[in-house]
Amino acid sequence: MRSVDVIIVGASLAAAAAAKRLVDAGLETVVLERRELPRHKICSGILSPRGHRFLLENFGPLPREALHEPTSCRGVTFHFPSMVSMPMDFFGGPTPHLHRKYSDYWAIKRSGAEVHDRTSFAGLEDNGDHVLVHARRQGEPVEYRARQVIGADGPSSLVIRSIYPDYPQSIPWFFVGQKFHDIVDCPLDPDYFHFWFHPGLGHYTWSHARDGRQIVGVGFKRGDNFAKKHEHVVDYLADKHGVRLQPHTEDEGCGENFGPSLINRYVFGKGNVLITGQAAGFLNMIGEGMSCALHSGAISGEAVVEARLRNRPVQEMYRRMIASEVRRTSDQWNPLKIAFERPHEADFPAALMALGWRDRGKVLRDLWRFIVLYKEFKWGRQMAMVAMQRPLIGGYSMRRWL
Ligand SMILES: Cc1cc2nc3c(=O)[nH]c(=O)nc-3n(C[C@H](O)[C@H](O)[C@H](O)COP(=O)(O)OP(=O)(O)OC[C@H]3O[C@@H](n4cnc5c(N)ncnc54)[C@H](O)[C@@H]3O)c2cc1C
């Protein structure tokens with residue numbers, strides 16, 4: 001059995017950031033990844049300025065192979081049913097358009113940790129002074145012993161389920177699917193990520209250019225018909241935006257733990273097991289999760305290092321240190337912060353003020369109608385309540401932390 005300081009589960013961005021902190025502090029760190037690396041990751045690859053800064057500062061400039069075409073993104077354009085469109089540039093200029101298969105592989109290699117790919121985490125036993133980790137490598141059982149384990153294994157985290165078996169039933173889930181189309185004619189600006197606040201299209205609808213094709217994506221609930229929803233969006237884009245696409249050539253989708261950061265259902269682990277990245281619930285209201293995966297991952301690594309230096313319980317350190325990231329992610333749902341500050345690193349207030357007063361009114365009305373759409377979800381009312389209370393309670397509450 002291999003004995004190390006820390007095992008990290010998952011070889012994505014949260015893992016790379018955690019690994020970097022641990023390796024820099026001299027801790028022997030092994031990363032387990034169930035897939036063969038480099039591995040595909042469903043993602044638009046639009047990086048926030050803060051995420052970009054993190055990558056530059058910690059891993060250096062991105063290699064060309066870690067980028068899609070167009071290689072950068074200027075910002076986000078919001079579209080409304082009233083046919084008002086609001087382009088918003090990122091602060092500090094365009095950011096890289098990440099090709100996750102290669103950017104994640106690059107980051108995990110740059111972290112300096114030892115990576116065991118094709119090795120699936122299967123379970124753990126926390127024995128107080130060490131954790132036994134059970135995994136399977138190409139079907140064969142393999143065991144590790146570590147002082148701490150960091151679960152950076154994404155939305156359907158098996159590390160969480162191994163410490164809180166009922167967790168998946170206690171949070172809202174939704175699904176996203178995207179299809180890739182060859183382009184006949186596409187007037188949507190390829191330098192922006194496009195997002196529709198349109199109740200008639202669904203609660204999460206997006207499109208953007210990638211490697212000469214156009215991606216059209218939709219969010220849907222369990223039991224919804226993805227193909228029909230997608231077809232409806234393609235027809236809408238043709239009718240309202242003059243987008244003409246060939247039938248899709250590829251499609252993909254996955255389940256997402258969307259909403260925990262709004263309702264403060266973050267999960268940070270227990271005992272010697274820390275949870276980080278999207279597994280912990282870090283994902284903002286437009287589905288941007290890379291920057292908070294990087295930052296929360298780094299904090300989980302720092303918490304392990306600090307706990308050892310100060311001889312304190314690692315959970316105590318992690319919960320104290322992660323508070324700033326909780327506040328930041330939760331603020332990105334706060335209507336007052338969005339209206340008067342800039343939690344999303346693109347200038348929504350300036351873009352709104354650039355519109356004439358009639359269009360401004362239409363946008364605010366359309367946004368309200370969009371928020372009301374969330375009532376159709378079982379958890380929608382709870383989300384709406386928290387969203388309304390959020391400005392009053394100062395952005396976030398720590399009551400719901402597990
Ligand atoms: C369609 C779509 C579009 C998106 N677009 C954007 C975007 O444009 N910008 C943005 O910032 N975010 C976007 N996101 C969100 C972003 O992809 C995630 O929030 C981010 O990747 C989370 O990083 P992570 O490191 O926490 O986990 P993940 O990236 O989910 O990585 C988890 C890793 O753990 C591995 N793993 C899982 N289980 C096991 C196991 N049992 N054993 C070993 N390994 C395991 C997985 O294979 C994976 O490599 C998008 C998401 C989707 C679905």
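For this structure, a couple of remarks:
Table: residues versus (1) within 24 Å of R369 (Cα to Cα); (2) of a type in the set (D, E, K, R).
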position	(1), (2)
S156	no, no
I160	no, no
S170	no, no
K179	no, yes
C186	no, no
V218	yes, no
F226	yes, no
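- Here S397 fulfils each of the conditions (1) modelled with pLDDT under 55; (2) among the polar types (S, T, N, Q); (3) assigned to a helix (DSSP H, G or I); (4) surrounded by 14 or more Cβ atoms within 10 Å (Cβ to Cβ) apart from (3).
- The lone exception for E302 - which of (1) at pLDDT below 90; (2) part of a helix (DSSP H, G or I) it fails: (1)
- Hey, S157 touching a Gly at 6+ places or on another chain (Cβ under 7 Å), among the polar types (S, T, N, Q) and either near the ligand (Cβ under 10 Å from one of its atoms) or without any contact (Cβ under 8 Å) to a residue 60 or more places away in the chain (or both) or not: yes
- When each of G301, G287 is tested for being crowded, with 23+ Cβ neighbours inside 10 Å, within 18 Å of A14 (Cα to Cα), small (G, A, S) and in contact (Cβ under 8 Å) with a residue 12 or more places away in the chain, the lone residue that passes is G301.
- Residue in the stretch 76-88 that is within 12 Å of the ligand (Cβ to nearest atom), part of a strand (DSSP E or B) and either under 30 Å from W368 (Cα atoms) or within 22 Å of the chain's Cα centre (by Cα) (or both) present: yes
- Some residue of the stretch 184-191 being within 12 Å of the ligand (Cβ to nearest atom) and either farther than 23 Å from H99 by Cβ or modelled with pLDDT under 95 (or both): no
- Residue among P141, P155, P168, P172 that alone is surrounded by fewer than 15 Cβ atoms within 10 Å (Cβ to Cβ) and of a type outside the set (A, V, I, L, M, F, W, C): P141
- Considering (1) within 14 Å of the ligand (Cβ to nearest atom); (2) at pLDDT 95 or above, the lone condition that E316 does not fulfil carries the number (1).
- Given (1) in contact with a helix residue (DSSP H, G or I) (Cβ under 9 Å, 6 or more places away or on another chain); (2) away from the ligand (no atom under 12 Å from the Cβ); (3) under 20 Å from T29 (Cα atoms); (4) not basic (K, R), index of the condition G297 fails: (2)
- From E252, E288, residue being modelled with pLDDT under 95 and under 18 Å from the mean Cα position of the chain (by Cα): E288
- Residues that are assigned to a strand (DSSP E or B) and surrounded by fewer than 23 Cβ atoms within 10 Å (Cβ to Cβ) were ranked within the stretch 255-280; the one that is farthest from the chain's Cα centre (by Cα) is K270.
- Strands (runs of 3 or more DSSP E) enclosed by the stretch 146-231 - at least 3 residues per element that are β-branched (V, I, T) and in contact with a Lys or Arg (Cβ under 8 Å, 6 or more places away or on another chain): 213-220
- Within the stretch 91-130, the set of residues being among the hydrophobic types (A, V, I, L, M, F, W, C) and either out of contact with any strand residue (DSSP E or B) (no Cβ under 7 Å at 6 or more places or on another chain) or away from the ligand (no atom under 14 Å from the Cβ) (or both) comprises F91, W106, A107.
- Against the conditions (1) more than 14 Å from the ligand (Cβ to nearest atom); (2) of a type in the set (V, I, T); (3) in contact (Cβ under 8 Å) with a residue 60 or more places away in the chain, T71 satisfies every one except (3).
The values are calculated or read from the model by the stated rules, or taken from the named source; none is laboratory data. As the structure is a computational prediction, the values presented were derived from the model and not from experiment. Quick reminder, even Gly has a Cβ in these numbers, built from the backbone with ideal geometry, and neighbours come from all protein chains shown.
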